[in-house]
Amino acid sequence: MSKKDQIDKNKLPKHIAIIMDGNGRWAKGFGKFRIFGHHNGVTAVRDTAEAAAEIGIKFITLYAFSTENWSRPKKEVDALMELLVDTIRKETPTLQKNNIKLASIGNMNDLPAKCQIQLQETINATKNNNGLTMVLALSYSAKWDMVNAIKSIATQVKNNEITIDDVNDQLIDKHLSTSEMPHPELMIRTSGEQRISNFLLWELAYAELYFTSKLWPDFSKEDLYDAIYDYQQRERRFGKTSEQLNSN
Ligand code: FPP
(Lines give C-alpha, C1' and ligand atoms only; values in the text may rest on other atoms or scores of the structure.)
Protein backbone atom coordinates (compact mmCIF):
# COMPACT_ATOMS: atom_id res chain seq x y z
CA MET A 1 0.00 0.00 0.00
CA SER A 2 1.26 3.49 -0.83
CA LYS A 3 2.01 5.77 2.13
CA LYS A 4 -0.31 8.22 0.35
CA ASP A 5 -3.31 6.19 1.55
CA GLN A 6 -2.08 6.30 5.15
CA ILE A 7 -1.69 10.08 5.23
CA ASP A 8 -4.29 11.93 7.31
CA LYS A 9 -5.60 14.59 4.91
CA ASN A 10 -6.81 16.67 7.88
CA LYS A 11 -3.32 16.95 9.36
CA LEU A 12 -1.31 17.98 6.31
CA PRO A 13 1.51 20.49 6.72
CA LYS A 14 0.48 23.68 4.92
CA HIS A 15 4.04 24.44 3.92
CA ILE A 16 6.93 22.08 3.14
CA ALA A 17 10.43 23.46 2.62
CA ILE A 18 12.96 21.35 0.71
CA ILE A 19 16.74 21.45 0.43
CA MET A 20 17.30 19.60 -2.84
CA ASP A 21 20.78 18.18 -2.27
CA GLY A 22 22.91 15.53 -3.93
CA ASN A 23 22.69 16.36 -7.64
CA GLY A 24 26.49 16.46 -8.00
CA ARG A 25 27.03 13.13 -6.24
CA TRP A 26 24.24 11.55 -8.28
CA ALA A 27 25.95 12.62 -11.51
CA LYS A 28 29.33 11.42 -10.26
CA GLY A 29 27.79 7.98 -9.68
CA PHE A 30 27.15 7.84 -13.43
CA GLY A 31 30.61 9.21 -14.25
CA LYS A 32 29.03 12.43 -15.58
CA PHE A 33 29.47 16.16 -15.00
CA ARG A 34 27.58 17.79 -12.12
CA ILE A 35 25.14 19.55 -14.45
CA PHE A 36 23.83 16.12 -15.53
CA GLY A 37 22.63 15.76 -11.93
CA HIS A 38 20.94 19.18 -11.99
CA HIS A 39 19.14 18.27 -15.25
CA ASN A 40 17.87 15.06 -13.69
CA GLY A 41 16.91 16.98 -10.57
CA VAL A 42 14.23 18.71 -12.62
CA THR A 43 12.26 15.43 -12.85
CA ALA A 44 12.25 15.25 -9.05
CA VAL A 45 11.04 18.87 -8.88
CA ARG A 46 8.16 18.01 -11.24
CA ASP A 47 7.21 14.83 -9.34
CA THR A 48 7.38 16.58 -5.96
CA ALA A 49 5.25 19.52 -7.12
CA GLU A 50 2.68 17.18 -8.68
CA ALA A 51 2.51 15.00 -5.57
CA ALA A 52 2.20 18.03 -3.27
CA ALA A 53 -0.56 19.54 -5.45
CA GLU A 54 -2.46 16.23 -5.67
CA ILE A 55 -2.50 15.67 -1.93
CA GLY A 56 -3.48 19.25 -1.09
CA ILE A 57 -0.30 20.93 0.24
CA LYS A 58 -0.63 24.73 -0.07
CA PHE A 59 3.06 25.80 -0.25
CA ILE A 60 6.37 24.20 -1.12
CA THR A 61 9.59 26.18 -1.04
CA LEU A 62 12.52 24.74 -2.97
CA TYR A 63 16.08 25.85 -2.23
CA ALA A 64 17.14 26.05 -5.89
CA PHE A 65 20.12 28.42 -5.64
CA SER A 66 21.64 29.89 -2.48
CA THR A 67 23.59 33.12 -2.08
CA GLU A 68 26.61 30.90 -1.39
CA ASN A 69 26.10 28.97 -4.66
CA TRP A 70 27.42 32.01 -6.59
CA SER A 71 30.90 30.91 -5.54
CA ARG A 72 30.64 27.63 -7.49
CA PRO A 73 32.65 27.34 -10.76
CA LYS A 74 31.30 29.84 -13.33
CA LYS A 75 30.56 27.03 -15.78
CA GLU A 76 28.24 25.33 -13.30
CA VAL A 77 26.55 28.61 -12.29
CA ASP A 78 25.92 29.53 -15.95
CA ALA A 79 24.56 26.08 -16.73
CA LEU A 80 22.27 26.20 -13.69
CA MET A 81 20.89 29.60 -14.72
CA GLU A 82 20.25 28.29 -18.26
CA LEU A 83 18.52 25.25 -16.80
CA LEU A 84 16.33 27.43 -14.60
CA VAL A 85 15.22 29.63 -17.51
CA ASP A 86 14.54 26.59 -19.73
CA THR A 87 12.72 24.65 -17.02
CA ILE A 88 10.50 27.54 -15.93
CA ARG A 89 9.60 28.26 -19.57
CA LYS A 90 8.90 24.63 -20.51
CA GLU A 91 7.00 23.85 -17.30
CA THR A 92 4.66 26.86 -17.40
CA PRO A 93 1.85 24.86 -19.12
CA THR A 94 2.22 22.09 -16.51
CA LEU A 95 1.94 24.66 -13.72
CA GLN A 96 -1.24 25.99 -15.33
CA LYS A 97 -2.66 22.49 -15.80
CA ASN A 98 -2.07 21.66 -12.13
CA ASN A 99 -3.37 25.05 -10.83
CA ILE A 100 0.10 25.83 -9.38
CA LYS A 101 1.17 29.39 -8.68
CA LEU A 102 4.87 30.20 -9.02
CA ALA A 103 6.55 32.59 -6.58
CA SER A 104 10.13 33.37 -5.63
CA ILE A 105 12.20 34.60 -2.69
CA GLY A 106 15.76 35.86 -2.81
CA ASN A 107 17.75 38.64 -4.39
CA MET A 108 16.25 38.60 -7.90
CA ASN A 109 18.50 41.51 -8.97
CA ASP A 110 21.48 39.13 -8.79
CA LEU A 111 20.01 36.80 -11.44
CA PRO A 112 20.85 37.15 -15.15
CA ALA A 113 18.30 39.34 -16.98
CA LYS A 114 17.01 36.34 -18.97
CA CYS A 115 16.25 34.51 -15.77
CA GLN A 116 14.53 37.51 -14.14
CA ILE A 117 12.35 38.04 -17.23
CA GLN A 118 11.27 34.39 -17.53
CA LEU A 119 10.61 34.12 -13.82
CA GLN A 120 8.46 37.28 -13.83
CA GLU A 121 6.60 36.09 -16.91
CA THR A 122 5.65 32.77 -15.32
CA ILE A 123 4.86 34.40 -11.95
CA ASN A 124 2.43 36.74 -13.77
CA ALA A 125 0.95 33.94 -15.90
CA THR A 126 0.21 31.76 -12.86
CA LYS A 127 -0.79 34.47 -10.37
CA ASN A 128 -4.49 33.55 -10.36
CA ASN A 129 -3.88 29.84 -9.71
CA ASN A 130 -5.06 28.90 -6.23
CA GLY A 131 -3.88 25.33 -5.68
CA LEU A 132 -0.28 24.83 -4.61
CA THR A 133 2.14 27.78 -4.47
CA MET A 134 5.62 26.68 -5.52
CA VAL A 135 8.22 29.10 -4.17
CA LEU A 136 11.69 29.03 -5.69
CA ALA A 137 14.42 30.28 -3.36
CA LEU A 138 16.90 31.84 -5.80
CA SER A 139 20.00 33.75 -4.78
CA TYR A 140 18.47 33.32 -1.35
CA SER A 141 19.95 32.99 2.10
CA ALA A 142 18.16 33.44 5.40
CA LYS A 143 20.86 35.79 6.69
CA TRP A 144 20.47 38.00 3.59
CA ASP A 145 16.72 38.13 4.23
CA MET A 146 17.16 38.89 7.94
CA VAL A 147 19.66 41.69 7.26
CA ASN A 148 17.15 43.30 4.87
CA ALA A 149 14.33 42.92 7.39
CA ILE A 150 16.44 44.50 10.17
CA LYS A 151 17.44 47.41 7.89
CA SER A 152 13.84 48.02 6.88
CA ILE A 153 12.61 47.93 10.52
CA ALA A 154 15.48 50.22 11.62
CA THR A 155 14.50 52.70 8.88
CA GLN A 156 10.90 52.74 10.12
CA VAL A 157 12.10 53.41 13.69
CA LYS A 158 14.43 56.15 12.46
CA ASN A 159 11.57 57.81 10.54
CA ASN A 160 9.35 57.63 13.64
CA GLU A 161 6.84 55.41 11.80
CA ILE A 162 7.12 52.84 14.63
CA THR A 163 8.83 52.68 18.03
CA ILE A 164 11.26 50.07 19.32
CA ASP A 165 8.41 48.61 21.39
CA ASP A 166 6.54 47.77 18.18
CA VAL A 167 9.27 45.31 17.22
CA ASN A 168 8.01 41.78 17.87
CA ASP A 169 7.75 38.35 16.19
CA GLN A 170 4.88 39.42 13.94
CA LEU A 171 6.60 42.59 12.76
CA ILE A 172 9.75 40.65 11.85
CA ASP A 173 7.58 38.14 9.94
CA LYS A 174 6.10 41.01 7.93
CA HIS A 175 9.52 42.28 6.87
CA LEU A 176 10.85 38.92 5.63
CA SER A 177 10.45 37.85 2.00
CA THR A 178 8.27 34.98 3.24
CA SER A 179 5.67 37.36 4.71
CA GLU A 180 2.90 36.07 2.43
CA MET A 181 3.21 32.43 3.49
CA PRO A 182 2.82 30.36 6.66
CA HIS A 183 6.02 29.10 8.29
CA PRO A 184 6.96 25.62 7.08
CA GLU A 185 5.92 22.84 9.45
CA LEU A 186 8.18 20.32 7.68
CA MET A 187 11.66 20.71 6.21
CA ILE A 188 13.08 17.93 4.05
CA ARG A 189 16.75 17.62 3.08
CA THR A 190 17.97 14.95 0.72
CA SER A 191 21.42 13.38 0.31
CA GLY A 192 22.11 12.45 3.93
CA GLU A 193 23.46 15.88 4.94
CA GLN A 194 21.95 17.10 8.19
CA ARG A 195 22.28 20.88 8.08
CA ILE A 196 20.00 23.88 7.50
CA SER A 197 22.58 25.71 5.33
CA ASN A 198 21.25 29.27 5.74
CA PHE A 199 17.72 28.28 4.66
CA LEU A 200 14.69 29.93 6.31
CA LEU A 201 16.45 30.19 9.69
CA TRP A 202 13.68 32.28 11.28
CA GLU A 203 10.77 30.45 9.67
CA LEU A 204 12.02 26.94 10.54
CA ALA A 205 12.03 27.69 14.29
CA TYR A 206 9.42 24.99 14.98
CA ALA A 207 9.59 22.93 11.80
CA GLU A 208 9.99 19.18 11.94
CA LEU A 209 13.22 18.23 10.18
CA TYR A 210 13.29 15.17 7.92
CA PHE A 211 16.56 13.90 6.49
CA THR A 212 16.77 11.20 3.85
CA SER A 213 19.83 9.62 2.28
CA LYS A 214 18.15 9.66 -1.17
CA LEU A 215 19.97 11.94 -3.60
CA TRP A 216 17.69 14.65 -5.02
CA PRO A 217 17.34 13.24 -8.60
CA ASP A 218 16.08 9.96 -7.04
CA PHE A 219 13.50 11.70 -4.83
CA SER A 220 10.04 10.50 -5.89
CA LYS A 221 6.39 11.11 -5.08
CA GLU A 222 6.53 8.14 -2.72
CA ASP A 223 9.46 9.75 -0.86
CA LEU A 224 7.40 12.91 -0.34
CA TYR A 225 4.50 10.81 1.02
CA ASP A 226 6.96 8.99 3.37
CA ALA A 227 8.16 12.34 4.72
CA ILE A 228 4.62 13.64 5.27
CA TYR A 229 3.60 10.38 6.95
CA ASP A 230 6.66 10.54 9.21
CA TYR A 231 5.81 14.17 10.10
CA GLN A 232 2.30 13.12 11.08
CA GLN A 233 3.64 10.56 13.58
CA ARG A 234 5.55 13.23 15.50
CA GLU A 235 4.30 15.05 18.55
CA ARG A 236 4.68 18.80 17.98
CA ARG A 237 4.92 20.25 21.46
CA PHE A 238 5.95 23.89 20.85
CA GLY A 239 7.64 23.96 24.26
CA LYS A 240 4.69 22.40 26.13
CA THR A 241 4.67 18.99 27.82
CA SER A 242 3.13 15.92 26.26
CA GLU A 243 0.57 15.83 29.12
CA GLN A 244 -0.54 19.39 28.44
CA LEU A 245 -1.09 18.61 24.79
CA ASN A 246 -3.05 15.46 25.49
CA SER A 247 -5.33 17.11 28.05
CA ASN A 248 -6.52 19.69 25.47
C1 FPP B 1 22.20 20.80 -4.79
O2 FPP B 1 22.93 19.68 -5.20
C3 FPP B 1 21.37 21.34 -5.88
C4 FPP B 1 21.41 22.62 -6.35
C5 FPP B 1 22.32 23.63 -5.81
C6 FPP B 1 20.56 23.04 -7.50
C7 FPP B 1 19.17 22.54 -7.54
C8 FPP B 1 18.62 22.72 -8.90
C9 FPP B 1 17.78 21.89 -9.53
C10 FPP B 1 17.21 20.69 -8.94
C11 FPP B 1 17.44 22.15 -10.95
C12 FPP B 1 16.40 23.15 -11.30
C13 FPP B 1 15.37 23.43 -10.31
C14 FPP B 1 14.22 24.10 -10.55
C15 FPP B 1 13.40 24.46 -9.39
C16 FPP B 1 13.73 24.50 -11.87
P17 FPP B 1 24.53 19.76 -5.18
O18 FPP B 1 24.96 20.31 -6.49
O19 FPP B 1 24.98 20.55 -4.00
O20 FPP B 1 24.93 18.25 -5.05
P21 FPP B 1 26.18 17.63 -4.25
O22 FPP B 1 25.99 18.00 -2.79
O23 FPP B 1 26.06 16.18 -4.49
O24 FPP B 1 27.42 18.23 -4.82
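Under the rule a/c < 1.5 gives rounded, and otherwise a/b versus b/c splits prolate from oblate, where does the chain land using the Cα gyration tensor?
oblate
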Inset, instruction - Report the dimensions of the range 56-114 along its three principal axes from the alpha-carbon atoms, largest first, rounded to Å. - result: 37, 20, 17
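Using a Förster distance of 45 angstrom, determine the FRET efficiency expected from the C-beta separation of ASP5 and GLN116, and round it to 0.05.
On the way: r = 42 Å, r/R0 = 0.93.
Rounded to the nearest 0.05, the efficiency is 0.60.
When a/c reaches 1.5 or more, the comparison of a/b and b/c decides; with that in mind, is the range 1-135 rounded, prolate or oblate per its Cα gyration tensor?
The shape class here is oblate.
Using helices alone, I'd like the mean residue ellipticity at 222 nm for the chain: each DSSP H run of four-plus residues gives -39500 (n - 2.57), total over residue count, nearest 500. Kindly include the intermediate steps, with their values, before the conclusion.
Numbers: 8 runs with 108 residues, N = 248.
Value at 222 nm, helices only: -14000 deg cm²/dmol.
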Legend entry - Accessible-area ranking of GLU50, GLU161, largest first, probe 1.4 Å: GLU161, GLU50
Legend entry - List VAL167, VAL42, ordered by accessible area with a 1.4 Å probe, largest first: VAL167, VAL42
Legend entry - Spin-label pair ASP78/SER197, simplified geometry with 7 Å Cα→Cβ offset, distance in nm: 2.4 nm
Legend entry - Cα centroid of the range 197-248 to Cα centroid of the range 87-102, whole Å: 27 Å
Legend entry - Point-to-point label distance, ILE172-ASP47, nm (Cα→Cβ direction, 7 Å offset): 3.7 nm
Legend entry - Per-pair calculated FRET efficiency, R0 = 22 Å: GLU68 and ARG25 via Cβ, rounded to 0.05: 0.80
Legend entry - Cα lying deepest toward the dipole's positive end in the range 1-92, options SER2, TRP26, THR87, charges on Cβ: TRP26
Legend entry - Relative contact order (%) - the range 7-148, alpha-carbon pairs under 8 angstrom, separation at least six: 29 percent
Legend entry - Dipole of the chain, positive end: most advanced residue of ALA53, PRO13, HIS183 [Cβ charges, Cα centre]: ALA53
Legend entry - Solvent exposure of the chain as accessible area per residue, Å², 1.4 Å probe: 53 Å²
Inset, instruction - Could you tell me which of the pairs LYS32/LYS151; LYS58/LYS240; LYS9/LYS75; LYS151/LYS214; LYS58/LYS114; LYS58/LYS214 are separated by over 32 angstrom between their Cα atoms in the structure shown? - result: LYS32/LYS151; LYS9/LYS75; LYS151/LYS214
Legend entry - Exposure rank, largest accessible area first [ARG25, ARG189, ARG236; 1.4 Å]: ARG25, ARG236, ARG189
Legend entry - Mean separation of Cα contacts under 8 Å, 6 or more apart, over the residue count of the chain: relative contact order %: 29 percent
Legend entry - the range 109-248 shape via C-alpha gyration tensor axes, a/c threshold 1.5: oblate
Legend entry - Only Lys, Arg (+1) and Asp, Glu (-1) charged, at Cβ; the range 12-103 dipole about Cα centre in debye: 80 debye
Inset, instruction - Using the Cα centre as the reference, give the magnitude of the dipole from point charges on the C-beta atoms of the chain (Lys, Arg: +1; Asp, Glu: -1; all else neutral), rounded to the nearest 20 debye. - result: 520 debye
Inset, instruction - Determine the relative contact order of the range 129-248: mean sequence separation of Cα pairs under 8 Å and six or more apart, normalised by residue count, in whole percent. - result: 22 percent
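The values are calculated or read from the model by the stated rules, or taken from the named source; none is laboratory data. Being a predicted model, the structure only gives us computed values, none of them experimental. With ideal geometry, Cβ positions are generated from the backbone for all residues, glycine too; neighbour counts draw on all protein chains shown. Accessible surface areas use protein heavy atoms only, side chains included; no ligands, DNA or RNA. Shrake-Rupley method; radii C 1.70, N 1.55, O 1.52, S 1.80 Å.
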